[in-house]
Amino acid sequence: MSIRTVLVDDEPVALRRLVQALRGVPGVELVGTAGDGLRARQVIAELAPDLVILDIEMPGCSGLELAAQLESERGLEIVFLTAFGQYAPKAFEVEAADYLLKPVTPERLAQAVQRVQRRLALKSANGGPRPAPARDERPGEDDGRPNLIWVPVKGGEAKLRAEDIVWIEGAGDYVVVHTPTRSHLVRATMAGLEKIFSPARLRRVHRSAIVNIAMVEQIRRPGRGVVSLVLRDEIEVTVGPNYIASVISALKPGD
């Protein structure tokens, strides 16, 4: 079953690029587009999509305002688009499947769609609250670090432990913390998170990426001096050149 999707962006060039990129993502049916929040509300009401990929910054009715109006739309998934440095305070509390930083690559767009597919599958299978992830207890590997962070959610904060996290994506003074079913926008730096999480659990693999070592399923070498990690559910994260040796050593001790 394809995910019926609506794209919303007030920049015509960006919207065309998103349309083109989305056509290459399997399991997605693009049913409509809109160039502003007001038109998007009409399109969504008419087409009843499963997913809305929505620009945060738009004149008239912003993406956040539109998302608030859509809260009553049962089962609707939202992925936010944003330019660097344009995170609004209310974006921290929105129940979004993912946050995409412009310019959006086809690979990153595909990852966001995969997360939505998992969320929809879980909703269909469970019909209720999602089961808590199994705890990964590994004493002696934490170096006394807390290995958890508190993330903003609507109405308060929620605790995320290291084993709940798949990977973390850096964006300046913010990070996007990805779990198997949703993403959390957090005001933090990659350097700060390295002090919180033990590298035996969450290891920095790029200046803008930290991955859960236990989630790595495959090491890919697509070209000379190029390494990427395939995480569970086929999420692929590039390893920075300066991190390759330490990451390989952590994944393959003794080699």
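Here, each number is a calculation from the coordinates, and none is a lab measurement. This is a predicted model, so every value here is computed, not measured. All Cβ positions, even for glycine, are placed from backbone atoms using ideal geometry, and neighbour counts span all protein chains on display.
Below, the figures for the structure above:
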| read-out | value |
| --- | --- |
| Within the range 201-255, tally of residues that are part of a strand (DSSP E or B) and among the polar types (S, T, N, Q) | 4 |
| Some residue of the range 186-207 being touching a His at 6+ places or on another chain (Cβ under 8 Å) and of a type outside the set (A, V, I, L, M) | no |
| Failed item, numbered, when SER198 is tested on (1) part of a loop (DSSP other than H, G, I, E, B); (2) surrounded by fewer than 18 Cβ atoms within 10 Å (Cβ to Cβ) | (2) |
| Residue count for the range 157-183, restricted to those that are touching a helix residue (DSSP H, G or I) at 6+ places or on another chain (Cβ under 8 Å) and not polar (S, T, N, Q) | 9 |
| Residues that are touching a Gly at 6+ places or on another chain (Cβ under 9 Å), part of a strand (DSSP E or B) and over 16 Å from THR82 (Cα atoms), drawn from the range 159-190 | none |
| Selection status of LEU15, assigned to a helix (DSSP H, G or I), touching an Asp or Glu at 6+ places or on another chain (Cβ under 6 Å) and not aromatic (Phe, Trp, Tyr) | yes |
| Residues that are of a type in the set (Asp, Glu), without any contact (Cβ under 8 Å) to a residue 40 or more places away in the chain and under 21 Å from GLU11 (Cα atoms), drawn from the range 30-56 | ASP36 |
| Cross-chain or 6+ apart pairs with Cβ under 7 Å, the range 166-187 first and closer than 16 Å to ARG118 by Cα, then of a type in the set (Phe, Trp, Tyr) | HIS178/TRP167; SER183/TYR99 |
| Residue count, the range 97-116 (criterion: of a type in the set (S, T, N, Q) and in a helix (DSSP H, G or I)) | 2 |
